[in-house]
1. Quick one: how many residues across segment 184-208 are among the β-branched types (V, I, T) and free of Cβ contacts under 8 Å to residues at least 40 places away in the same chain?
2. Could you list, in sequence order, the residues of segment 243-262 that are within 17 Å of Q220 (Cα to Cα) and either buried (at least 21 other Cβ atoms within 10 Å of the Cβ) or out of contact with any Ser or Thr (no Cβ under 9 Å at 6 or more places or on another chain) (or both)?
3. Suppose we filter S33, S123 for residues that are within 25 Å of A200 (Cα to Cα) and either crowded, with 18+ Cβ neighbours inside 10 Å or modelled with pLDDT of 95 or more (or both); which single one remains?
4. Show me the helices (runs of 4 or more DSSP H) entirely contained within segment 238-292 in which 2 or more residues are among the aliphatic types (A, V, I, L, M) and either touching a strand residue (DSSP E or B) at 6+ places or on another chain (Cβ under 8 Å) or at pLDDT 95 or above (or both).
5. Evaluate the following for G211: is it among the small types (G, A, S), within 30 Å of D6 (Cβ to Cβ), touching a residue at least 40 places away in the same chain (Cβ under 8 Å) and assigned to a helix (DSSP H, G or I)?
6. Looking at segment 112-203, what helices (runs of 4 or more DSSP H) fall wholly within it and have at least 3 residues that are over 13 Å from the mean Cα position of the chain (by Cα) and closer than 19 Å to L255 by Cβ?
7. Can you spot a residue in segment 227-237 that is assigned to a helix (DSSP H, G or I), out of contact with any helix residue (DSSP H, G or I) (no Cβ under 6 Å at 6 or more places or on another chain) and surrounded by 13 or more Cβ atoms within 10 Å (Cβ to Cβ)?
8. What pairs can you find where one residue is in segment 5-24 and within 11 Å of I103 (Cα to Cα), the other is modelled with pLDDT of 95 or more and in a helix (DSSP H, G or I), and their Cβ atoms are less than 6 Å apart, with a gap of 6+ or different chains?
Amino acid sequence: MPASVDEMVVRVADVCSYKWDMLKTRPLAFFLSAFAGGAFVSFGAMLALSVSAGVPENLAPGVANLLMGLVFMFSLVIIMFSGMTLVTADMAYGVIGIFHRRIGWGRFLWGIILGYAGNFAGSMFFLWLLSKGGGYQAMPWLVRAHAIGAAKTGETAMQIFVMAVICTWTLQTAALLFVKANDDVSKVLMAAYGPLAFVAGMTEHCIANIGFLAVPLFQQETYLKAVEKIVADPVILHWGFGQYGWAHNQIYTVLGNFIGGILFVGVIFQLVSNPDGVKNIYKSKKDFFMKL
């Protein structure tokens, strides 16, 4: 049987204690775990791009999104089972840790900042390597990567923000249910569901978007040369804050992910738990650390 909600929030608080203790005593190890976590997310972005390129839109609406989600979903599985760091999962874990007085808001924010920096570095480095490979410079993958980049950066700030909230609402729910589960099969299913939902659902995830947007930006010169006689007025992507900019998408995605993971997952699960049940668990509790 899976753990109760009361048991789950205490387990999550234990995970928070372990992660933030690593941040305090071994900050380099914490950063490297985030670096690896960012790269693992980019494994999923690479596979999603690979399987969705060339899928005709008139085949059936949503087929390409489903294929992307089915291969992307294992990125969270390998993050959770390896114990690496994903900043969006830590948003929910950390806020529950605050409720249980394991950490304060200052330490929480420092963990989110360093976790994001590590995820950013790992994702960007992996996708820079990917952009140098010949396979993804072929026409179907160039076109698909640019189409994903243009779609994500072309949205308004509100559109990006709302879909980012929805993203972590689905993803962090899965991350908490991973902790709630007691057997490996259930844990795999829960960890796989989150990425499947947010990718197939066309939502916005800050670390995944680093990958989805970095590839077309790294390859933009190659893309423009390839389509100069085919596309009359191609969209020009850039790294800035305006429309079709990497930073334009990223800033509103981070804000939306932060709200979705904290308010709609961490806070709700904590408030649903029974305070008396949680107190009873703590009465007999001796170990306050849990490693994923």
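The values are calculated or read from the model by the stated rules, or taken from the named source; none is laboratory data. Please read all numbers here as calculations on a predicted model, not as lab measurements. Quick reminder, even Gly has a Cβ in these numbers, built from the backbone with ideal geometry, and neighbours come from all protein chains shown.
1. Number satisfying all stated conditions: 1.
2. Of everything in segment 243-262, those that are within 17 Å of Q220 (Cα to Cα) and either buried (at least 21 other Cβ atoms within 10 Å of the Cβ) or out of contact with any Ser or Thr (no Cβ under 9 Å at 6 or more places or on another chain) (or both) turn out to be W246, A247.
3. Result of the check over S33, S123: S123.
4. 246-261, 268-272
5. When the stated conditions are applied, G211 does not pass them.
6. Filter on segment 112-203 gives 157-180.
7. Among the residues of segment 227-237, at least one is assigned to a helix (DSSP H, G or I), out of contact with any helix residue (DSSP H, G or I) (no Cβ under 6 Å at 6 or more places or on another chain) and surrounded by 13 or more Cβ atoms within 10 Å (Cβ to Cβ), which makes the answer yes.
8. Close Cβ pairs satisfying both conditions: A13/I96; A13/G97; C16/Y93; C16/G94; C16/G97; W20/R107; W20/G111.
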